[in-house]
1. Does segment 103-150 hold any residues that are surrounded by fewer than 21 Cβ atoms within 10 Å (Cβ to Cβ), in contact (Cβ under 8 Å) with a residue 40 or more places away in the chain and not in a helix (DSSP H, G or I), and which are they?
2. Report, ordered by the first and then the second residue, all pairs with beta carbons closer than 8 Å, sequence separation of six or more or different chains, a first member in segment 56-68 that is under 18 Å from residue 81 (Cβ atoms), and a second member that is in a loop (DSSP other than H, G, I, E, B).
3. Which one of these does residue 63 not meet: (1) crowded, with 21+ Cβ neighbours inside 10 Å; (2) modelled with pLDDT under 90; (3) over 25 Å from residue 208 (Cα atoms)?
4. With farther than 23 Å from residue 55 by Cβ, modelled with pLDDT under 90 and over 18 Å from the mean Cα position of the chain (by Cα) as the only criterion, which of 126, 94, 195 stands out?
5. Given the residues 170, 182, which is the only one that is under 30 Å from residue 220 (Cβ atoms) and surrounded by fewer than 18 Cβ atoms within 10 Å (Cβ to Cβ)?
6. With respect to residue 218, is the statement that it is buried (at least 18 other Cβ atoms within 10 Å of the Cβ), more than 19 Å from the chain's Cα centre (by Cα) and modelled with pLDDT of 95 or more true?
7. Would you check which residues across segment 91-100 are loosely packed, with under 15 Cβ neighbours inside 10 Å and touching a strand residue (DSSP E or B) at 6+ places or on another chain (Cβ under 9 Å) and list them?
8. Just name the residue that is surrounded by the most Cβ atoms within 10 Å (Cβ to Cβ) out of those in segment 232-257 that are within 16 Å of residue 14 (Cβ to Cβ) and in contact with a helix residue (DSSP H, G or I) (Cβ under 7 Å, 6 or more places away or on another chain).
């Protein structure tokens, strides 16, 4: 598939706001890498401002995937600035050193977004053909490449990615820090904007449904046959309704995110240097 066609395939996939339903599962998978869990637990304001990390990640993904060079560069600068203090040495009980500039950790974070997006896409629209799956895999590569991950190590096809993903899943470790942040994410209703707490049961259910079984068990989700039936019913309903919504609704999160990045970029340009 030519490069321009592959990019268009990725954009049609990535513009769908329904993929945000996989955000919780992607974050829990990221935290299952102890390096990421330590960095988030020690340096993130996740417990007080759970939406900040979610919006920051969202803005970066959309800016790199859909923005022009100026918007993408602004998003990269913002992420690098947030990442700069996130580092620490190895600690007792085998806790690894960590750095937000670790290329492998960045590759892992990008891969969780891809893995969950592929799973959710196929739950809602059905199996992907080989060419489309390959194009989507390649479309997620810049998420790490624009930071410090580099091109080396990113799979070139869906088949390569699935094999690499299975190998990485086998080495995950859901520790106390990961479970602590997960509890904040999935039960911290008091820190969420008014009205959104009512969505938490659905978020928890869909998050559990999209996690690999071994990771779901490690986080302590109670996954019963009834829970699986309810999750499947919700996803089936979403699959029925979502494609019938106007494009302006389906793509609204992307456009809102790009507007945020543009506003921050303009503000940074006009802000006095001493205050940056």
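1. 146, 148, 150, listed by residue number.
2. From segment 56-68, the pairs are 64/146.
3. With respect to (1) crowded, with 21+ Cβ neighbours inside 10 Å; (2) modelled with pLDDT under 90; (3) over 25 Å from residue 208 (Cα atoms), residue 63 is out only on (2).
4. Details: 126 fails: modelled with pLDDT under 90; 195 fails: farther than 23 Å from residue 55 by Cβ.
Testing whether each residue is farther than 23 Å from residue 55 by Cβ, modelled with pLDDT under 90 and over 18 Å from the mean Cα position of the chain (by Cα) leaves just 94.
5. Criteria check complete, one pass: 170.
6. Considered against the rule, which asks whether it is buried (at least 18 other Cβ atoms within 10 Å of the Cβ), more than 19 Å from the chain's Cα centre (by Cα) and modelled with pLDDT of 95 or more, residue 218 comes out as yes.
7. Listed by number, the list holds a single entry, 97.
8. That would be 254.
The values are calculated or read from the model by the stated rules, or taken from the named source; none is laboratory data. Note that the structure is a prediction, hence the values are computed from the model and not measured. Don't worry about glycine lacking a Cβ; one is built from the backbone with ideal geometry, like all the others, and counts go over all protein chains shown.
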